[in-house]
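> Got a structure here, written out as structure tokens. Questions coming.
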């Protein structure tokens, strides 16, 4: 299974199995807690726990930030999804 932050290359056939929004998890007393959304500028200002480069979800985050000339401040990477 592969994850793409955009449509797969033209020479690759594929099918969407799961599509879900990216979410940020924060502590109950965090200023972002209870908010329905945060901006990319707000997210980029924080150190993040994130999937490693090369993962489809990480690529989606990096692409969204790059489109606004921002980069992720990754404080910790984890590839374990469980």
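> Any residue in region 31-42 that is surrounded by 11 or more Cβ atoms within 10 Å (Cβ to Cβ), in contact with a strand residue (DSSP E or B) (Cβ under 8 Å, 6 or more places away or on another chain) and in a loop (DSSP other than H, G, I, E, B)?
No, there is no match, as no residue in region 31-42 is surrounded by 11 or more Cβ atoms within 10 Å (Cβ to Cβ), in contact with a strand residue (DSSP E or B) (Cβ under 8 Å, 6 or more places away or on another chain) and in a loop (DSSP other than H, G, I, E, B).
> From 30, 11, grab the single residue that is modelled with pLDDT of 85 or more and closer than 22 Å to residue 75 by Cβ.
Of 30, 11, the one residue that is modelled with pLDDT of 85 or more and closer than 22 Å to residue 75 by Cβ is 30.
> How many of the residues in region 43-67 are loosely packed, with under 11 Cβ neighbours inside 10 Å and either in a helix (DSSP H, G or I) or in contact with a helix residue (DSSP H, G or I) (Cβ under 7 Å, 6 or more places away or on another chain) (or both)?
1
> Being loosely packed, with under 10 Cβ neighbours inside 10 Å and at pLDDT 80 or above is the filter here, so list the residues in region 18-27 that pass it.
23, 25, 27
The values are calculated or read from the model by the stated rules, or taken from the named source; none is laboratory data. Since this is a predicted model, take the numbers as computed values, not measurements. Neighbour counts run over all protein chains shown; Cβ positions are idealised from the backbone, glycine included.
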